[in-house]
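Every number in this text was worked out from the coordinates using simple rules, so none of it is lab data. Remember, predicted model here, so these are calculated numbers, not experimental data. Here the Cβ positions follow ideal geometry from the backbone for every residue, glycine too, while neighbour counts run over all protein chains shown.
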Amino acid sequence: MNNIEYTLMRSRRRTLTLTVSGGKVVVKAPYGMPEESILKFISEKRRWLEAKLAEQKTVAERFACVRSGVSLLDAGVEKPVAYGAAKNGETDGGFYLKNQHAVRAYFEKTRGWLLSECLHSFARSMGVSPSDLSLCDFKARWGSCDADGRIKLNWRLTMLPPELRDYVLVHELCHLRELNHSAAFWKIVGLYCPAYRTLRKNLREYSFLTQMYRKSL
């Protein structure tokens, strides 16, 4: 594995797996599996690993200013942000906020209504009706729908390009008909969002946002 670093994690598992996240490679292996078997497996996956690492590097570079806090994404558009303002606000060119902790409150206040409006618009066209809608601070997901028809949306959806935001809304509304991710569920999603496979893939590029703008950071 020349030039590719990885972290090996052993546990009581039966299979050998590889994951690439945040530009880091993690190998999960069963206790007792010979190192030679692990190295052979990694070698066989080398081309895939290099492709994934290159892809994630490109994404990281693309959103470098967002990650560093120099800019914010607003409906998929990067806009500069200045912190230390006496009050939160924005101009056509960017944002001025008190601090990073103010990002959530400001986006919910000024853009949260759009998520509700779009969700209910899609719901009417799909012939479904959620029992409740709320905005949440999910750590690793964009939305959820429970058996009682309550839909929760990550407030950061307001930062995504509209087509990705809408995909998530349609996805959650489809759970009102199929509360799972079965073939039947994806068939329903395809009826209302034919390009869902591409959108689902593109959505992964924005997953880093779910770890940002938290008070504990």
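Given 149, 20, 9, which one lies farthest toward the positive end of the charge dipole of the chain, if we put +1 on the Cβ of every Lys and Arg and -1 on the Cβ of every Asp and Glu?
9
What FRET efficiency, computed as 1/(1 + (r/R0)^6) with R0 = 41 Å and r the Cβ-Cβ distance, is obtained for residue 16 and residue 180, rounded to the nearest 0.05? Display every interim value, and only then the final one.
Values: r = 28 Å, r/R0 = 0.69.
My answer for the efficiency is 0.90.
Show that you can apply the helix-only estimate: for the chain, add -39,500 (n - 2.57) for every DSSP H stretch of four or more residues, divide by all residues, and state [θ] at 222 nm to the nearest 500.
On the way: 7 runs with 88 residues, N = 217.
Mean residue ellipticity, 222 nm, calculated: -12500 deg cm²/dmol.
Treat every Asp and Glu Cβ in segment 6-61 as -1 and every Lys and Arg Cβ as +1, leave all other atoms uncharged, and give the resulting dipole magnitude about the Cα centre to the nearest 20 debye. Walk me through the numbers on the way to the answer.
Working: 12 positive and 6 negative charges, 58 e Å.
Here segment 6-61 has a charge dipole of around 280 debye.
Say we join alpha carbon atoms closer than 10 Å with springs in a Gaussian network model of the chain; which of 169, 114, 18 then has the biggest fluctuation?
In this elastic network of the chain, the residue with the biggest mean-square fluctuation among 169, 114, 18 is 18.
What pairs from 24/45; 109/215; 57/215; 57/201; 98/215; 109/152 go past 20 Å between their alpha carbons? Spell out each step's value before the answer.
Details: 24/45 15 Å; 109/215 17 Å; 57/215 27 Å; 57/201 16 Å; 98/215 13 Å; 109/152 16 Å.
Going by Cα-Cα distance, 57/215 fall outside the 20 Å limit.
Between [x] 20.4, 60; [y] 20.1, 66; [z] 22.8, 70, which entry matches Rg and Dmax of the Cα atoms in Å as derived from the coordinates of this structure?
[x]
What full-extension length gain, to one decimal in nm, is calculated for residue 37 and residue 210 as 0.36 nm per residue of separation minus the Cα-Cα distance?
Numbers: separation 173, 0.36 × 173 = 62.28 nm, distance 3.56 nm.
Fully extending the segment from residue 37 to residue 210 adds 58.7 nm.
Report the extension gain between residue 6 and residue 195 in nm, rounded to one decimal, defined as 0.36 nm multiplied by the number of residues separating them, less their alpha carbon distance.
That works out to 64.6 nm of additional length.
Which of 144, 131 comes first, and how do the rest follow, when ranked by fewest Cβ neighbours within 10 Å? Write down the numbers at each step before the final one.
On the way: 144 14, 131 11.
Sorted ascending by nearby Cβ count, the order is 131, 144.
Taking only Cα atoms and a 10 Å spring cutoff, compute GNM fluctuations for the chain and point out the largest among 46, 12, 124.
Among 46, 12, 124, the largest mean-square fluctuation in the Gaussian network model of the chain belongs to 12.
How many nm separate the modelled label positions at residue 148 and residue 101, each set 7 Å beyond the Cα in the direction of the Cβ?
Modelled inter-label distance: 3.1 nm.
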